[in-house]
Structure formats: structure tokens, C-alpha cells
Amino acid sequence: MEVEAIEAIPLSYPLGKGHGYGSARGTVEQRTSTLIRVISTTGMVGWGEAFGPPQTISTLVSELLSDIVVGMDPFEVESLCEKNYAGLYHFGSSGLLQSAVSGVDVALWDLLGRELGQPVAQLLGGFERTEVTPYASTMYITDWEQNPAEPIEEAAREGFTAAKIKIGRGLEDDIIRVQTAREVLGDDATLMVDFNGNYRPEQAISVAKEIEPFDIYWLEEPVPPENHSGYRKVSAAVDIPVAAGEAAYARFDFADLIQERTIDIAQPDVCKCGGLSEARFIGKLATMENVHVSPHVWTGAVGIAASLQYAATLPSYPHSTNVPEPFYFEFDRAENGLRTNLLATPFDPTDGSLEIPDGPGLGIEVDERVVEEYRID
């Protein structure tokens, strides 16, 4: 069995002018993604997803990765990142090429699981858990200045017991948004905040101390991702755990974050960090330093499926029979047809629990008619 063909499919779901949403660093007027489809010599199909500008990712797959992958034995999937690092060493360990590799890696794991009739989680080492607790990634900064209470009220109605909200536009606005979320969710809910790296360390520290009474579970990206000394300064000054990793690429970026205890929670994105293979490696690095791993997930449905398979395998270490808290899993609640429409059976994160698919591969069925509807090439 070999890979006979590979195709990168750029997708876009337009939001419309005036309907953009995002973070303190800016908003987007479309959600984009690149699906990767690999076909084996047996006719089996595997699907992956890559984060980044879709037409650029598609070009990278075509020009730099297709010759490596076509003719490859899917069982060699874990060698893909190493081949990329060594063979394309001038630009192979970070940036958009790493995102392209991520999508290909996920597709190869899906293909392998389908060929063997096993879920990817089983191939990655087995199920540590069969369900997760989804947290609503919500209360975005919007072009239309949405009332921040509206999205968090919707999340509460949907049964979410945890949520992450966007802050980072200034102390007063941050306090209002955090206070609103806590009042709506109630005292027992878990609340995270995401600065998207929009502050200097002293600004982040000031905000963190003001919102600490609202029982914040973690501070996400309080400073820019490259500002490692800033992360350490924030961590030393506040009592709230610090999370980061969505803007980190590959094992090399994460090694610094983890081994220097720059962060408390590592957030690899399987559609960006090098795929399931590299995320698995990062998870082992984190376990060695007793750093918690909570995958970043802000992609379409295929990326969610891959992230769930990864989440299924992450160890509960150092916990044994008594695990003191749920495994929280990010679930975007903003409008995105690439998340809601691409699968024959969409994921339903409501009512506080999300089961991890146990079918072959990623355990999903992609609706190729919808894929063609959103295709932009």
C-alpha cells in the first residue's frame, strides 16, 4: 500500500462585510482552511486540514510536499516532519510550510486508520479518555460591536459549563467583558481569557490582577508569542496559570516554552504544529516537565476531528485513578460553515460533553458536495 495521489483543496466561508469577528489584534471577514485529500493504491481516502492562507498552503503542498508523499507508505507518517526539517531545512521547521505538513500528516493518519479499521487515537497509543468537556470559545471582538453578553448567554443556553472569551483592548473593557461572562455563566463555571498577545507584560499583569477575583482558569497569550521573557515576567507576577502555543510551530518552539517553564499550559494546534505526529511529540515533552496540554482548536470540522483524536490520547499524568478536573476542549462558537457544514454528522458540543469518535481513522464522513461549494480554486 502506497499513497497514489494527494490534493490540497483551498476553502473559504465568507462572513460578509460588517460581520467580521476576531480578537484584540483584528477581525476577519471570512473563515478559510485547506483540506488535504490523500488516496492510497487501494482506493482508500484520508482527510486532513491545514491552518493558514488556503491558496498559499495549496501551493506549498503541490510544489514542496507532493513529491515526498506520493509513493510513500502511510506507515511512515511519523517520518514526514523529519524529512521536512532535513530536506527543506532553510524554511522547514516553522511558518506556513509547517502548517502544510500538518494537514498532510493528519490526512496520512486518517488514511492509515481507515485502511486498518482503527480510530487514529488507537494508533497513537490508545484512548486515555472517550469524551471531553468542551469549552465555548466565544465573546469575540466584532465589527458590529456586539453586546458581549449575547454570545456568552447563548453559550450558557447551549449547556456549556466552561468558556473562553476575548479580551485585550484595555483595562476597563477587559473588566467589563470578564465581569459579564462571570455573571452570565455563574460562579461554578470555568472561565478562561484570551489576550491574543496584544499587551506588553506590565499591561497584562495589571489586567490579570484586576480580573483575578473572577476566578480565571488561565490567561491565554497575554503577550506576543515571541516574547518569552514577557511570559516569564507575567507568570512570576500573577497567580493565574499562563497558556500559549497556538502561534508556536514544531517541537523546537515548544521545547523552549516547556523546558524553561515559560508557560503552564501548552496549546499545540494539530493543523499547524506539524500534525498529529508532532503534537504527539510535543505532548511527551510536556509530560516530562509536568506541563498540562490543551490543544488549540480554531479550524474546520476535519481539524476538530483530528484534535479530538489527539485529546483522546493525552496522558492524565501525574494523576492516577483520581483526576481532579475535566479535560477541557476548545470549541469555537462563532459562525463558520467550515465547522458546521462539512460533515455528514456535525459535532454537537452542547450540553456539556463531547464524545470522541471511535470509527476508523478520524471517525468522520466528509460531505464532498459541501467541499466543492466552498472551494475557491
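What is the chain's relative contact order, in percent, from Cα pairs under 8 angstrom and six or more apart in sequence?
Contact order relative to length: 21 percent.
Please calculate how many Å² of accessible area the chain carries per residue, with a 1.4 Å probe and no DNA, RNA or ligand atoms counted.
For the chain, the per-residue accessible area is 40 Å².
How would you classify segment 62-168 from its alpha-carbon gyration tensor, with a ≥ b ≥ c the square roots of the eigenvalues: rounded for a/c under 1.5, else prolate if a/b is greater than b/c, otherwise oblate?
oblate
So how much slack lies between residue 88 and residue 375, counting 0.36 nm per residue of separation and subtracting their Cα-Cα distance, in nm?
Stretched out fully, the residue 88 to residue 375 stretch lengthens by 100.5 nm.
Above 13 angstrom, tally the Cα pairs of segment 56-97 and express them as a % of all pairs, no decimals.
Of all Cα-Cα pairs in segment 56-97, 55 percent lie more than 13 Å apart.
How far is helix 250-259 tilted off the main Cα axis of the chain, in degrees rounded to 10, range 0 to 90?
In the chain, helix 250-259 runs at an angle near 40 degrees to the longest axis.
Hey, what do the phi angles of segment 202-209 turn into as Karplus ³J(HN,Hα) couplings, whole Hz, using 6.51/-1.76/1.60 and θ = phi - 60°, x for Gly and Pro?
5, 5, 4, 5, 4, 5, 4, 5
Just check segment 181-313 against the gyration tensor rule for me: Cα atoms, a ≥ b ≥ c as the square roots of the eigenvalues, rounded for a/c under 1.5, and otherwise prolate or oblate depending on whether a/b exceeds b/c.
oblate
Based on the alpha carbons, how large is the Rg to Rh ratio for the chain when Rh follows Kirkwood?
Dividing the radius of gyration by the Kirkwood radius yields 0.95.
Over the chain, what percent of the accessible surface lies on carbon and sulfur atoms, probe 1.4 Å?
The C+S portion of the solvent-accessible surface of the chain is 46 percent.
At what distance in angstrom do the alpha carbon centres of segment 303-377 and segment 266-298 lie from each other?
Comparing the Cα centres of segment 303-377 and segment 266-298, I get a distance of 16 Å.
Compute the acute angle (0 to 90°) between the alpha-carbon long axis of helix 275-288 and the principal axis of greatest extent of the alpha-carbon atoms of the chain; round to the nearest 10°.
Roughly 50 degrees, rounded to the nearest 10.
Using the Cα atoms as the points, what is the convex hull volume per residue of segment 236-377 in Å³?
148
As a test of the formula, what do you get for the chain when each DSSP H run with n ≥ 4 contributes -39,500 (n - 2.57) and the sum is divided by the residue count, at 222 nm and rounded to the nearest 500 deg cm²/dmol?
Using -39500 (n - 2.57) per qualifying helix, the result is -10500 deg cm²/dmol.
Mind checking the angle between helix 301-313 and the chain's longest principal axis? C-alpha axes, 0 to 90 degrees, to the nearest 10.
80
Expressed in nm to one decimal, what extension gain is obtained for the pair residue 320 and residue 256 from 0.36 nm per residue of sequence separation less their Cα-Cα distance?
20.3 nm
Taking the mean number of other Cβ atoms within 10 Å as a proxy for protection, how do you rank 298-310, 186-198, 105-117, 71-83 from highest to lowest?
Highest-to-lowest ranking by the protection proxy: 298-310, 105-117, 186-198, 71-83.
The values are calculated or read from the model by the stated rules, or taken from the named source; none is laboratory data. As the structure is a computational prediction, the values presented were derived from the model and not from experiment. As a convention, Cβ positions derive from the backbone with ideal geometry for all residues, glycine included, and neighbour counts pool all protein chains shown. Keep in mind that these areas ignore ligands, DNA and RNA; they rest on the heavy atoms of the full protein, side chains included. Shrake-Rupley method; radii C 1.70, N 1.55, O 1.52, S 1.80 Å.
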